Amino acid sequence: MAVIVTADARWHPGVVGIVASRLADRHGRPAILVATGSDRVLAKHFSLTDRVPQFLEEFPDARILYMVRDPLEVIPSSMSLVIGVIDRAFGFWSKPEAVRQQWLDRMYESWVISSLSERVSWSSCP
């Protein structure tokens, strides 16, 4: 499996994930970006998620930490990402404020409902 791997001490850890994702999409292969500018080395590799067995076969000494966050805690960053996509596709920020607020409210409500519904065990309901 061909993998793109690159590292730089100047990169902020907060951007390596989105850049890795865009590189993977652009080149059609997994991409790992590593921010080495502090005492900790951080690499985000979203395109690895569905290929863990193959990745470990290729790199048997690799260690993978798979973080799972509470869906309610990631709503703000998810909305920011989606708004960027909506802006490029539909000119979100050029819409009237009332239209933008309606989109934001609907998006937020759908994610909250979706996140909360995952916490309910429907099989235990009468």
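Where the second residue is among the basic types (Lys, Arg) and the first is without any contact (Cβ under 8 Å) to a residue 40 or more places away in the chain and lies in the stretch 11-31, which pairs have Cβ atoms under 6 Å and are six or more apart or on separate chains?
16/44; 17/44; 20/44
I need the full set of residues from the stretch 1-20 which are part of a loop (DSSP other than H, G, I, E, B) and under 23 Å from residue 58 (Cα atoms), in order please.
If the condition is that a residue be part of a loop (DSSP other than H, G, I, E, B) and under 23 Å from residue 58 (Cα atoms), then 1, 2, 3 are the ones that fit.
Read-outs: derived from the displayed coordinates by stated rules, not from any lab. Just so we're clear, the structure is a prediction, and the values are computed from it rather than from any experiment. Don't worry about glycine lacking a Cβ; one is built from the backbone with ideal geometry, like all the others, and counts go over all protein chains shown.
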